[in-house]
1. Within the range 243-290, what whole-number % of the accessible surface is contributed by carbon and sulfur, with the 1.4 Å probe and all protein chains included in the calculation?
2. Quick check: Cα centre of the range 267-286 to Cα centre of the range 202-231, how many Å?
3. Under the rule a/c < 1.5 gives rounded, and otherwise a/b versus b/c splits prolate from oblate, where does the range 185-314 land using the Cα gyration tensor?
4. Okay, helix-only estimate at 222 nm for the chain: each DSSP H run of n ≥ 4 adds -39500 (n - 2.57), divide by all residues, round to 500 deg cm²/dmol; what do you get?
5. Taking a 1.4 Å probe, which of Asp315, Asp63, Asp37 shows the most accessible area, and what order do the others take after it?
6. Taking the Cα centre of the range 211-286 as the origin and placing charges on Cβ (Lys, Arg +1; Asp, Glu -1), which of Asn281, Leu238, Gly223 is farthest toward the positive end of the dipole?
7. Subtracting the Cα-Cα distance from 0.36 nm times the residue separation, let me have the gained length for Asp46 to Val275 in nm, one decimal.
8. Assign unit charges at the C-beta atoms only (+1 for Lys and Arg, -1 for Asp and Glu), then state the dipole size of the chain relative to its Cα centre in Debye, rounded to the nearest 20.
Amino acid sequence: MSTNTFGHLFCVTTWGESHGEAIGCVIDGCPPNIEIDETYIQQFMDKRKPGQSRHTTQRKESDTVKILSGVFEGKTTGTPISLIIYNEDQRSKDYGDIKNKFRPGHADYTYLSKYGIRDYRGGGRSSARETATRVAAGAVARKVLNSKLGEDFDVRAALVQMGKYTIDRENWDWNEVNNNPFFSPDVAIVPQWEDYLDSIRKNGSSIGAVIEVVAEGVPVGLGAPIYAKLDADIASNLMSINAVKGVEIGAGMSAAELTGEENADEMFSDEEGNVSFSSNNAGGILGGISSGQDIIARFSVKPTSSILTPRKTIDIDHNETEIITKGRHDPCVGIRAVPIGEAMVLCAILDHYLLHKAQCGFCPATK
């Protein structure tokens, strides 16, 4: 039973623990003759790596990625691509006080209950440290999709809500996303978020967030009507990210407030047969199949469970006690989830591109 692999044809298996020697992934099913190197992957790793501002964990990791296999003379060979990232700044002693206690809201209790053994150092396998390998896999997927679909294809993400504070969508500017520490498309909200998160961090607490991912240039026809819906696999990929508690596509939960007339994305066609829509409540996916519109997905990330505020819990002998979690943790883990969300959507789209090419290679969605 493999529970460390996702994907149907573009398969990614991740391995490693937060405080182990290294983490990594094996990508199987990547097409051959795609130009790729460590420098290309590293630019996306650098977006996620910790310690880049006071608003994220101060653990110092370069997240330097090394290609071990599957690439020869700068091109993929079609064989498994193995990537490794060495851990450089573990402080396992920070977790000595909690090795026999369960952090409320964390996977400590369920992990031990299932496996009978638990790596308490930073959460081990259940730590968000594992997601660095997904970003590396997403970079490979991006390179493949750009080579097949052209430079008009892109997947971008942004932080749109922190706690109760949401962006003004009228101010949305993709050019601002990489110019502030929150990946916010609304530069006006950045000072407010800075003050808010400073107070959260100084109190030793944490806060949740919402991230929006937009995929542009996706062709019509990716996905399937029932058990391989594109939106289902995107949702599954996003839901697998540590601390994610909700996913929605397009209008999502707010669609429940709309009438049939309001929700329907009316369709039009010009003289050249180009199809357009009046709106995008469907989020670019109809009946599990991409419509050619932008694919829009949002996911919510809960507050980090490791906080300095005393919380009631139990120990491994089920004795009631209190717990305070020391160490270096993100006051808002949603910030660094932005590039992770991009990566997981990229992997889902490439997986479905390959599935479509295998079944319907003559259709417009496959180049």
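1. On the way: 1540 of 3020 Å².
Taking all protein chains in place, the range 243-290 shows 51 percent carbon and sulfur surface.
2. 21
3. Prolate is the answer for the range 185-314, as a/c is 1.5 or above and a/b outweighs b/c.
4. Counting only the DSSP helices, I get -7500 deg cm²/dmol.
5. I get Asp37, Asp315, Asp63, largest accessible area first.
6. Sorting the options by dipole projection puts first Leu238.
7. 78.6 nm
8. My answer is approximately 1840 debye.
The values are calculated or read from the model by the stated rules, or taken from the named source; none is laboratory data. Source: prediction; values computed, not measured. Counting neighbours? That spans all protein chains shown, and the Cβs are built from the backbone with ideal geometry, glycine included. Ligands, DNA and RNA are stripped out before the accessible areas are found, and what is left, the full protein with its side chains, is counted by its heavy atoms. Shrake-Rupley method; radii C 1.70, N 1.55, O 1.52, S 1.80 Å.
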